[in-house]
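Only one structure is covered here, and it is reproduced in the block below.
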Amino acid sequence: MRIRSLLLALVLALIAAFTVLNWSVFLADTPLSLGVSTVQAPLGLIMLGLLIFMVAYCLVYVLYLQSNVLMDARRNAKELQTNRELADKAEASRFTELRSFVEAGLKQGAEQDKAAQQALMVRLDTLENTLRNSVEQSGNSLSAYIGEIEDRLIPDKNEPAAPR
């Protein structure tokens with residue numbers, strides 16, 4: 001961009017030098033045709049005025065374009081910031097949702113563990129009762145068998161002794 005600016009300044013300086021060197025020719029009257037009539041006017045001065053008008057018009061146009069670009073850049077920056085904030089909020093809400101989902105999953109897992117533990121405890125209680133009953137029955141059976149063996153080995157006093 002700096003080279004273009006220097007080139008433009010050089011061209012304007014050359015035009016200014018050319019104008020100063022030929023000022024008397026620029027002010028000389030010449031017949032000019034306007035299509036329907038002819039007038040006497042300095043052609044150089046008219047051409048110089050048109051050149052100045054075109055340069056001023058181009059400068060105004062460039063400034064207009066530059067201001068539009070700046071306005072668009074600011075608007076885009078604001079939109080980008082707004083979108084960034086929306087994305088941050090969406091990400092935060094996703095994190096909150098994920099956290100609540102994980103908490104719900106952990107709570108559900110804890111409830112399932114508690115239910116499984118309770119079922120296991122009920123089953124263990126049942127097995128323990130069954131085992132006690134079995135041991136008690138085995139003990140009663142064993143006592144009955146021992147009592148029967150005692151009855152066979154030790155004769156009853158009321159009963160006569162059996163021959164050998």
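Where a number appears in this text, it was derived from the coordinates with a stated rule and is not lab data. A quick note: this is a predicted structure, and the numbers were derived from the prediction, not measured. Because the Cβ atoms are built from the backbone with ideal geometry, glycine has one as well, and the counts that use them run over all protein chains shown.
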Notebook entry, point to check: Amide H to amide H under 5 Å from LEU32: which residues, 5+ apart in sequence or cross-chain, H placed 1.01 Å off N in plane?
Noted result: VAL39, GLN40, ALA41
Next item on the list: Counting only C-alpha contacts under 8 Å and six or more residues apart, can you give the relative contact order of the range 1-117 as a whole percent?
Entry: 11 percent
Checklist line | Per-residue ³J(HN,Hα) for the range 56-73, Karplus 6.51 cos²θ - 1.76 cosθ + 1.60, θ = phi - 60°, Hz, x for Gly and Pro | finding: 5, 4, 5, 5, 5, 5, 5, 5, 4, 4, 4, 5, 5, 5, 5, 5, 5, 5
Checklist line | Cα pair distances in the chain, grouped into 10 Å bins until the bin that holds the longest one, percent each | finding: 7, 11, 10, 8, 7, 7, 6, 6, 6, 5, 5, 4, 4, 4, 3, 3, 2, 1
Item checked: Under the Karplus curve 6.51 cos²θ - 1.76 cosθ + 1.60, θ = phi - 60°, whole-Hz ³J(HN,Hα) for the range 27-33, x wherever Gly or Pro sits -> 8, 6, 6, 9, x, 10, 9
Check: Do any chymotrypsin sites (Phe, Trp or Tyr not before Pro) in the range 33-119 lie in a DSSP loop with no more than 15 other beta carbon atoms within 10 Å, and if so, which?
Finding: none
